[in-house]
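*Asks:* Next up is a structure, given as structure tokens.
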């Protein structure tokens, strides 16, 4: 039985109040704002505090997070978000971002320490913590690359090589940084075709963007040769850190020959995804590229961490203030908690969990590429297609078993891809439950495929009509006469 | 049935030529590969394009496809009905032109007849260029 | 050391055995020898919860507890207790982007409601699900203006937040934009007489009200000016000021964007904040990032989904006009919860108290001879610029010793500028303001 759930605007009751203020304690003055600039009463709903609590508690029950159950969403690293870290941000809640350096000293020290820690994990020389998300980091890193070539008067280097298996943000970011995105065909295992790369590089090559492990969850065995080819051609190599959860303490992008990279603190470093954000996408570079990082950059001067504004070669600011500071706090607390051993252990357990899951699913679904995987792997429905069952049906059926589906239809190079990334924080029972559900679904696909096509049945709504939403977009609630004050 | 009153490109556009006037649209194969079309972005009357230029964008829920003109010319009319009812392209792709064009040059881009286009689809079985 | 790994070492050994892998190292064989870490990362050993907490307790954040007379784009406001309490529901904060609509209706509806709230607040037709912050909202708007008009020239008011201008300049660096800065007059208002000479072939004009210097600008006049010149008009608004001021949508603005932090989001040393972007419906498809739409499921139930995704990078790849692929969902939810808690009456009251207290402060400061208002003829909301002939930074140090955070010295952004940008919000009490004024008087003697 599916019950309708009202919009907050439909719960409006005139004159209800949830919050109040003390009476104005300064003498009230009139005529402070010209009449022409004053607005009319706003058509916003009035609610009691209990109305509000019930509304949002109800909404939360119509949502699914990592705390509700396994969330094996490939490329998204949906690991547990430690509660301690949520608590620690409170220390900084009331700090204004434009206070003088002494008043913000603690914030700068924390940022500098996080920068050092990320350098240790990634093998880079310096991180900027300004970018607010992975895509924002990509844009920042690519602009740094552009500035580097420009400073060397290498203006012809306008091509950014990007494998067709890459995340969609890569080519979009390249365009935004003023590059021409040049697609590089991948091998069937999602790896870089070294011969094709040799053909593709030229004096126009600004760089190559790469995810390693790649989007099929496989480590580039030829990584050292790949970065060498790009360097020999005068280009730089960008590491998309989306998948670094596989290799913390095992290998470092800096040691593989990467020059620029971003990490998603909301993936590998345990900060919550927040239902789509906020995250943070710090960008790390090798020494030669430090001058181009966004200003200000947190540097140590006379033993104190301080923002350095005097950076003439910097690309400039990519965001106001100090980056998504609250997210940085959580990531730093995460690294402090785990330490060197803990990070390595997290990656090992993530890779083990992925291989365990893969091992018990490969006989009922099709593996486009066999062999051990890193932290994630891709399956396809394989023969289940013959029953008219598609990846989306399997994903939706999984919801009825209480699991979040894998990433579907990505990477684009695999038809009907289903990408699983269980992460290290799932227990063996969680994985066994997931395996059971997916094996049951494969069985049902043969015996009763229609039932899969109507899944999910246990959710507040069934499959929404996306075509209707896109053809006649309704993106806000209509104003009704009762909405006025 | 691919109509044989017009020519086709390998990128799944059709062109109906009448002297110096041409109509351009997308093929049945293109609309099927895209799925439910939800939005069509059209140029303005008076815009000029060279052969091979992108002149329109067709969106479905999960895909987007550029539409290229095989001939050079100036836009004389656009199909405004598609603005509110993009699904018309799913229903009758050969009856719905995207734009009308005053032809300035026909060169460079290979045009196929209906049989040639059908053979091309069978051979390639690829999704439209996106 | 805590890795939050669920399984014990023993279980992991059993799992390796079960899948026929000899040991952990075998799982990492694909990493070439030369690229492997041969020794432990140079990080400290992991710490227990108690130790981590101790480390954080040792951070000196005492400035957070002082009465604050600084704003400049980030404001301290009252946050009703119900807001953080509801945000702590982990179904919200531990969720991913709501791609799987059926199990994400809560967040999707929450964002849909946020979009509606922002439209009702700004008077615009459509809103996206938010971007990173006010600065990136301005930068993304620049791109949207170009997409909507196919013109590269963007006019912007010099009275925008300096960090927004810096961010716009960075985004424009390599992508062929022509940015034209429109100076402001001696009254602190965007100089339309200057702008009129630059509207030729421009896409639009971006200007704020209240602007960075606190001045309430005539957005109706700016909208008319822009449209007469055939360009689009973007207002950068403080959403909280709209509890009082005329809505940009009601005077014909084409876009209204800005920083949503005043709506219940803590200062948090600079982020995470909330970039909001609302527009006239003509430009719906030019808005970047996520947008939630309403639809139905097969049974006719109202349902919400991410929509208009074909604009976005995961489908359009290199042809997408923006690379943004996230939003500040949790911050958007915060803003909606805040607006829900305050209601229309509460929001108006907050705006009024900000206005009144800032003017009380203004009168007090300017009764001290060392200070002179820079824009005495202009109306302001809760911030204003005061010129001070002495050393503004030294002044602030003295104030801090007395337990107050003073205004923002404008020399932070403009070398040699003698101004201080003061702000007062509803959380300051009269006795704090009076105490601050006393401290100021003593400090300048």
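The values are calculated or read from the model by the stated rules, or taken from the named source; none is laboratory data. Just so it is clear, the structure is predicted and the values come from calculations on it, not from any experiment. Note that each Cβ is placed from the backbone with ideal geometry, even for glycine, and that neighbours are counted across all protein chains shown.
*Asks:* Residues in the range C:263-290 that are facing chain A (nearest Cβ under 7 Å) and outside any loop (DSSP other than H, G, I, E, B): how many?
*Replies:* As a first pass, look at the range C:263-290 and keep what is facing chain A (nearest Cβ under 7 Å): C:266-272, C:284, C:290.
Narrowing further to those that are outside any loop (DSSP other than H, G, I, E, B): C:268-270, C:284.
Of the residues in the range C:263-290, 4 are facing chain A (nearest Cβ under 7 Å) and outside any loop (DSSP other than H, G, I, E, B).
*Asks:* How many residues are touching a residue at least 60 places away in the same chain (Cβ under 8 Å), touching a helix residue (DSSP H, G or I) at 6+ places or on another chain (Cβ under 9 Å) and not in a loop (DSSP other than H, G, I, E, B) when one looks only at the range C:65-98?
*Replies:* Looking only at that region, the number is 6.
*Asks:* Given the condition within 16 Å of residue C:112 (Cα to Cα) and out of contact with any strand residue (DSSP E or B) (no Cβ under 8 Å at 6 or more places or on another chain), answer yes or no: does some residue in the range A:14-36 qualify?
*Replies:* Among the residues of the range A:14-36, not one is within 16 Å of residue C:112 (Cα to Cα) and out of contact with any strand residue (DSSP E or B) (no Cβ under 8 Å at 6 or more places or on another chain), which makes the answer no.
*Asks:* While we're looking at this one, here's another question. Let me confirm something: among C:364, C:340, C:293, which residue is part of a helix (DSSP H, G or I) and at the interface with another protein chain (Cβ under 7 Å from one of its Cβ atoms)? Spell out how you get there, then give the answer.
*Replies:* Working: C:364 fails: at the interface with another protein chain (Cβ under 7 Å from one of its Cβ atoms); C:293 fails: part of a helix (DSSP H, G or I).
Criteria check complete, one pass: C:340.
*Asks:* Here's another thing I want to ask about it. Only one residue in A:413, A:435 is modelled with pLDDT under 95, within 29 Å of the chain's Cα centre (by Cα) and away from every other protein chain (no Cβ under 11 Å), so which one is that? Give the derivation first.
*Replies:* Working: A:435 fails: modelled with pLDDT under 95.
Residue meeting the stated conditions: A:413.
*Asks:* What is the one condition in (1) touching a strand residue (DSSP E or B) at 6+ places or on another chain (Cβ under 9 Å); (2) within 14 Å of another protein chain (Cβ to nearest Cβ) that residue C:213 does not satisfy?
*Replies:* Every listed condition holds for residue C:213 apart from (2).
*Asks:* If we keep just the residues of the range A:11-44 that are more than 7 Å from every other protein chain (Cβ to nearest Cβ) and touching a residue at least 60 places away in the same chain (Cβ under 8 Å), which is farthest from the chain's Cα centre (by Cα)?
*Replies:* Result: A:14.
*Asks:* Mind listing whichever residues of the range C:101-158 are modelled with pLDDT under 95 and either in a loop (DSSP other than H, G, I, E, B) or under 16 Å from residue A:475 (Cα atoms) (or both)?
*Replies:* C:150
*Asks:* Hey, residue C:352 hits all of (1) buried (at least 24 other Cβ atoms within 10 Å of the Cβ); (2) under 24 Å from the mean Cα position of the chain (by Cα) but one; which does it fall short on?
*Replies:* Result: residue C:352 fails condition (1) only.
*Asks:* Checking residue A:219 against (1) assigned to a loop (DSSP other than H, G, I, E, B); (2) surrounded by fewer than 22 Cβ atoms within 10 Å (Cβ to Cβ); (3) under 25 Å from the mean Cα position of the chain (by Cα): exactly one of these is not met. Which one?
*Replies:* (2)
*Asks:* Provide a single number: the residues in the range A:198-216 that are outside any loop (DSSP other than H, G, I, E, B) and either within 21 Å of residue A:370 (Cβ to Cβ) or in contact with a strand residue (DSSP E or B) (Cβ under 8 Å, 6 or more places away or on another chain) (or both).
*Replies:* Residues in the range A:198-216 being outside any loop (DSSP other than H, G, I, E, B) and either within 21 Å of residue A:370 (Cβ to Cβ) or in contact with a strand residue (DSSP E or B) (Cβ under 8 Å, 6 or more places away or on another chain) (or both): 7 in total.
The rows are residues; the columns are (1) in a loop (DSSP other than H, G, I, E, B); (2) at the interface with chain C (Cβ under 9 Å from one of its Cβ atoms); (3) modelled with pLDDT of 95 or more.
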{"site": "A:67", "(1), (2), (3)": "yes, yes, yes"}
{"site": "A:70", "(1), (2), (3)": "yes, no, yes"}
{"site": "A:84", "(1), (2), (3)": "no, yes, yes"}
{"site": "A:99", "(1), (2), (3)": "yes, yes, yes"}
{"site": "A:114", "(1), (2), (3)": "no, no, yes"}
{"site": "A:131", "(1), (2), (3)": "yes, yes, yes"}
{"site": "A:139", "(1), (2), (3)": "no, yes, yes"}
{"site": "A:149", "(1), (2), (3)": "no, no, yes"}
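*Asks:* Does the range C:390-399 contain any residue that is crowded, with 21+ Cβ neighbours inside 10 Å, touching a helix residue (DSSP H, G or I) at 6+ places or on another chain (Cβ under 6 Å), over 20 Å from residue C:244 (Cβ atoms) and facing another protein chain (nearest Cβ under 7 Å)?
*Replies:* no
*Asks:* Right, something else. Please count how many residues of the range A:414-455 are part of a loop (DSSP other than H, G, I, E, B) and surrounded by fewer than 21 Cβ atoms within 10 Å (Cβ to Cβ). Steps first, answer last, please.
*Replies:* Step one: of the range A:414-455, the residues part of a loop (DSSP other than H, G, I, E, B) are A:414-417, A:421-427, A:448, A:454-455.
Checking the rest, the ones that are also surrounded by fewer than 21 Cβ atoms within 10 Å (Cβ to Cβ) come to A:415-416, A:427, A:448, A:454.
Of the residues in the range A:414-455, 5 are part of a loop (DSSP other than H, G, I, E, B) and surrounded by fewer than 21 Cβ atoms within 10 Å (Cβ to Cβ).
*Asks:* Now, a different point. From the list A:317, A:344, A:311, which residue is part of a loop (DSSP other than H, G, I, E, B), within 25 Å of the chain's Cα centre (by Cα) and at negative phi?
*Replies:* Step by step, each of A:317, A:344, A:311 is checked, and only A:317 is part of a loop (DSSP other than H, G, I, E, B), within 25 Å of the chain's Cα centre (by Cα) and at negative phi.
*Asks:* Another question, then. Name the residues in the range C:244-262 that are at the interface with another protein chain (Cβ under 10 Å from one of its Cβ atoms), more than 10 Å from the chain's Cα centre (by Cα) and part of a loop (DSSP other than H, G, I, E, B), would you?
*Replies:* Passing the criteria: C:244, C:246, C:247.
*Asks:* Still on this structure, I have one more. Only one of A:270, A:275, A:279, A:254 is touching a helix residue (DSSP H, G or I) at 6+ places or on another chain (Cβ under 8 Å), modelled with pLDDT of 95 or more, surrounded by fewer than 23 Cβ atoms within 10 Å (Cβ to Cβ) and not in a strand (DSSP E or B); which?
*Replies:* Of A:270, A:275, A:279, A:254, the one residue that is touching a helix residue (DSSP H, G or I) at 6+ places or on another chain (Cβ under 8 Å), modelled with pLDDT of 95 or more, surrounded by fewer than 23 Cβ atoms within 10 Å (Cβ to Cβ) and not in a strand (DSSP E or B) is A:254.
*Asks:* Also, I was wondering about something else. Do you know which residues across the range A:357-378 are at pLDDT 95 or above, within 9 Å of chain C (Cβ to nearest Cβ) and either out of contact with any helix residue (DSSP H, G or I) (no Cβ under 7 Å at 6 or more places or on another chain) or surrounded by fewer than 24 Cβ atoms within 10 Å (Cβ to Cβ) (or both)?
*Replies:* A:358, A:359, A:360
*Asks:* Ok, one more. So which residues in the range C:371-419 are more than 26 Å from the chain's Cα centre (by Cα) and free of Cβ contacts under 8 Å to residues at least 12 places away in the same chain, if there are any at all?
*Replies:* C:376, C:391, C:394, C:397, C:401, C:416
*Asks:* Which one of these does residue B:115 not meet: (1) modelled with pLDDT of 95 or more; (2) in a helix (DSSP H, G or I)?
*Replies:* Condition (1) is where residue B:115 drops out.
*Asks:* Let me ask another. Give me the pairs: first residue in the range C:8-26 and more than 9 Å from chain A (Cβ to nearest Cβ), second residue assigned to a helix (DSSP H, G or I) and crowded, with 16+ Cβ neighbours inside 10 Å, beta-carbon distance under 7 Å, and six or more apart or on different chains, which are they?
*Replies:* C:23/C:16
*Asks:* Then there's this: Please specify each residue of the range C:1-10 satisfying the condition of being out of contact with any strand residue (DSSP E or B) (no Cβ under 8 Å at 6 or more places or on another chain) and surrounded by fewer than 16 Cβ atoms within 10 Å (Cβ to Cβ).
*Replies:* Residues satisfying the conditions are C:8, C:9, C:10.
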